[in-house]
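The values are calculated or read from the model by the stated rules, or taken from the named source; none is laboratory data. This is a predicted model, so every value here is computed, not measured. All Cβ positions, glycine included, derive from the backbone under ideal geometry; neighbour counts span all protein chains shown.
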């Protein structure tokens, strides 16, 4: 067999394998925050009569037909002396958490499964809202020994 024929066969096998991998393995959709850093769960897919997926998503209702959202004040937390205070923040899904950096150095907030905050310089604040009930550990990306916890929608 000639080298050209073998090369063509190898290229075809690689292309076929790539196509099969692409067809059968698709990355999961990631939630996208809105302008208030609110992360909604990924839309749920169900199957219709013909086996076609039906996407259930609250974004299908026009914004002018949605009931008005009640805006609650943020739960206040602070960063001082390289410590998050309070260490455990308890809140409901409809209330954001607002950290104020009262330290002399910058910090970040990294919550499990969420994108990191920007650097929070001394005197600056960062506000974030989680919408799914649960317990979320977080830490400072610049100082990993600084840790805290957020409990969303849990019984007191």
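What to note about this one:
- First in segment 69-88 and closer than 14 Å to residue 102 by Cβ, second anywhere and modelled with pLDDT of 95 or more and surrounded by fewer than 13 Cβ atoms within 10 Å (Cβ to Cβ), Cβ under 6 Å, 6 or more apart: 78/102; 80/102
- Subset of segment 118-138 (residues that are assigned to a loop (DSSP other than H, G, I, E, B) and within 12 Å of residue 152 (Cβ to Cβ)): 131, 132, 133
- Qualifying residue in segment 2-10 (condition: assigned to a strand (DSSP E or B) and either at pLDDT 85 or above or within 26 Å of residue 152 (Cβ to Cβ) (or both)): no
- All of 118, 96 fail the test of being within 16 Å of the chain's Cα centre (by Cα) and either without any contact (Cβ under 8 Å) to a residue 12 or more places away in the chain or over 25 Å from residue 72 (Cβ atoms) (or both), apart from 118.
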